Amino acid sequence: MMKYLKKYWFFCLLAPLFMIGEVSMDLIQPDMMADIVDNGVLKSDINLIITVGIRMILFVMLGGFAGVMCGVFANIAAQGFGNDLRKDLFSKIMSLSFQQTDKISTGSLVTRLTNDVTQVQNMVMMSVRGLVRNSVMFVGGILMLYRQSPKFAVIAACGLPFIVVFVTFFLKKASPLFAIVQKKLDGINNVMQEDVAGARVVKAYVKEEHELKRFDAANEALCTENLRVQTLLAFMSPCMNIVLNLCIVAVILVGGMTVKNGGSMTPGSVMAGITYLSQILHGVTFMANIFQTFTRAKASADRINEVLNSPEIIMDGTYEELGNKRNDRADQKGEIEFRNVSFAYPESSGEKVLENISFTVKQGETLAIIGATGCGKSSVVKLIPRFYDVTEGAIFVDGRNVKDYKLKDLRKKISIVLQKAELYSRPIEANIRWGKKDATPWEIKSAAKIAQADDFICASKYGYHTMVSEGGHSLSGGQKQRISIARAVLKEHEILIFDDSTSALDLKTEAMLYEALRTQCPGTTKIIIAQRIASVKDADRIAVMDEGRISALGTHEELMRNSEIYRDIYKSQLKEGGEF
Ligand SMILES: Nc1ncnc2c1ncn2[C@@H]1O[C@H](COP(=O)(O)OP(=O)(O)O)[C@@H](O)[C@H]1O
Ligand SMILES: [Mg+2]
């Protein structure tokens, strides 16, 4: 994490320098005060009081200026550090594979990106300001104290070990608790994330109270943990204060006796001694707070590092697409081959979701996949752009193992419309443009036409500039699906994959969509997952999946003859809808 500070080394250096300036001014004050008491007040020298007094004011102002400068530079360093760290963390989170985001919850990722970064940022701020301030205060204070009287220094030396013991004791106890606190914060963010995103479902099921209870539980848990840490730390300050005050009493006693017995001390130096001592010991108390920030930041830094250092599970292959042949249609084939593919989700207990899947889809061909929910249809297509890697067997695109491609090159070939249509809060036009940054309005319109979205878009008041609300809530399911399809069609691709992407369309619109695809994108290889036979019966070939296996593969007519499962699906759908 240090590497993020490197960029700001200049400010990290300047801030402490100014801080030293500020502390020096603070340290001179008691000495001058002693001067005023001993030589001004006790000897009734008004001139000395005025000159030293003016000097004190000047020094205070100088110190104040240095303090401001230090604050400014420390902030530049800390904010810059936090900014860079957050940026990298975000880009790392974006690059995490599905497997990794399945494991670390969304809430936790949000906490890490916000609260944890802030904790570490605070630590940077504390280090360049507080740590320097208090170390200088401590060392300088001891020196100045020694100058007033070595006896005072001895008293301070007696008090110190107690303070060190207290600080170590409390922080050792607190540090594991901080990690727990952050975890509880994850809990809150998880509930919040789910409920804010799923507010409609919560309302539909009238589950507000239930979710409130769930939130309360998470909130309560955070509160309890925080209380535990803070109660523990609440003991720290009073313990240190007792030591501090005992030391001050000792200084007054020793100093007072020496002055009374006509020793080498003056009332002014006793006063200065008391001030130095409280400066030193306050410094130590502050240090304790800083260490507390450190322990807390350490817990946060670990959590950030866990994400930053998470290995790239899905790695680039070594094969480079030669030159810029993307526009060379002849070179784009889009052939897909599954060779004995088996797959189990990484976090599951090794239970295979797909078993021994083999098939080939030639360029321009349309393969439909049909089967009961949960039989593994989505899993099949998620393997092609390597959202997950196969457990056994291999997948080939254009005759090359998908693992050999650079991820970017592989994913450029594939346009996939996921089962859940995700739209972003921006105009419809921008949502479609997502597929191709430099698309012309005409290209966007024709993509929308293929997706059968043009009609309803143009019918709305603002046309392509209609804003889509967050998550696409302002659109119907079928409209969302058609916009997602337009986005996928617009993206340059050799392979087009629809994962149950037309489920919310009526049969007529769906048929028109497939017809448009057939005529407008003849060279594209298509894989279409669907629930309805009506959606798939015109495909070149249909794969019938059953419990992770392909139980039959062929045209509609062939399957009607040979596959019992297919016939069952056919009959059940015919019964429901009569003519589909
Ligand atoms: N991210 C995941 N982690 C673990 N198991 C999963 C994950 N996604 C899906 N599954 C499991 O894999 C099986 C197949 O799911 P899926 O391919 O989505 O089915 P389909 O698309 O045919 O409805 C299901 O039993 C499901 O529980
Ligand atoms: Mg699915």
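Can you run down the residue pairs with Cβ atoms below 6 Å, 6 or more apart or on separate chains, where the first is in the range 241-256 and in contact (Cβ under 8 Å) with a residue 24 or more places away in the chain and more than 17 Å from Gln148 (Cβ to Cβ) and the partner is among the small types (Gly, Ala, Ser) and part of a helix (DSSP H, G or I)?
As it stands, the answer is Val243/Gly159, since those pairs meet every condition given.
Pairs under 7 Å by beta carbon, first residue more than 21 Å from Leu160 (Cβ to Cβ) in the range 287-304, partner assigned to a helix (DSSP H, G or I) and basic (Lys, Arg), six or more apart or different chains?
Listed by first residue and then by second, the contacts come to Arg303/Arg112; Ile304/Arg112.
Run down Asp404, Asp398 and say which single residue is modelled with pLDDT of 90 or more, away from ligand 1 (no atom under 16 Å from the Cβ), in contact with a Lys or Arg (Cβ under 8 Å, 6 or more places away or on another chain) and of a type outside the set (S, T, N, Q).
Asp398
Per-residue answers, yes or no, for (1) buried (at least 17 other Cβ atoms within 10 Å of the Cβ); (2) part of a helix (DSSP H, G or I):
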| site | (1), (2) |
| --- | --- |
| Ile36 | yes, yes |
| Lys43 | no, no |
| Gly82 | yes, yes |
| Gln99 | no, yes |
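Would you check which residues across the range 275-316 are of a type in the set (D, E, K, R) and farther than 17 Å from Ser127 by Cα and list them?
Listed by number, the residues that qualify are Asp302, Arg303, Glu306, Glu312, Asp316.
Taking strands (runs of 3 or more DSSP E) that fall entirely within the range 362-438, which contain at least 3 residues that are within 25 Å of Thr519 (Cβ to Cβ) and either away from ligand 2 (no atom under 16 Å from the Cβ) or in the same structural domain as Gly478 (by TED's automatic domain parsing) (or both)?
So the answer is 366-371, 414-417.
I'd like to check something: does the range 493-511 contain any residue that is among the hydrophobic types (A, V, I, L, M, F, W, C), without any contact (Cβ under 8 Å) to a residue 24 or more places away in the chain and under 28 Å from Thr360 (Cα atoms)?
Yes: the range 493-511 contains one or more residues that are among the hydrophobic types (A, V, I, L, M, F, W, C), without any contact (Cβ under 8 Å) to a residue 24 or more places away in the chain and under 28 Å from Thr360 (Cα atoms).
Checking the structure you have, find out if any residue of the range 63-79 is under 19 Å from the mean Cα position of the chain (by Cα) and either touching a residue at least 40 places away in the same chain (Cβ under 8 Å) or in a helix (DSSP H, G or I) (or both). Full working, then the answer.
We begin by selecting, within the range 63-79, every residue under 19 Å from the mean Cα position of the chain (by Cα); these are 78-79.
Okay, now just the ones that are also either touching a residue at least 40 places away in the same chain (Cβ under 8 Å) or in a helix (DSSP H, G or I) (or both), so 78-79.
Within the range 63-79 (the criterion being under 19 Å from the mean Cα position of the chain (by Cα) and either touching a residue at least 40 places away in the same chain (Cβ under 8 Å) or in a helix (DSSP H, G or I) (or both)), the answer is yes, since at least one residue qualifies.
Can you tell me which residue within the range 35-83, out of those that are among the small types (Gly, Ala, Ser) and at pLDDT below 90, is farthest from Ala272 (Cα to Cα)?
Of everything passing the filter in the range 35-83, Ser44 is farthest from Ala272 (Cα to Cα).
Among the numbered criteria (1) surrounded by fewer than 19 Cβ atoms within 10 Å (Cβ to Cβ); (2) over 14 Å from the mean Cα position of the chain (by Cα), which single criterion is violated by Lys92?
(2)
Assess whether Val52 counts as being in a helix (DSSP H, G or I), under 30 Å from Val117 (Cβ atoms) and of a type in the set (Val, Ile, Thr).
no
The values are calculated or read from the model by the stated rules, or taken from the named source; none is laboratory data. Since the structure is predicted, the reported quantities are computational estimates derived from the model, not experimental observations. No Cβ is skipped: glycine too gets one built from the backbone with ideal geometry, and neighbour counts run over all protein chains shown.
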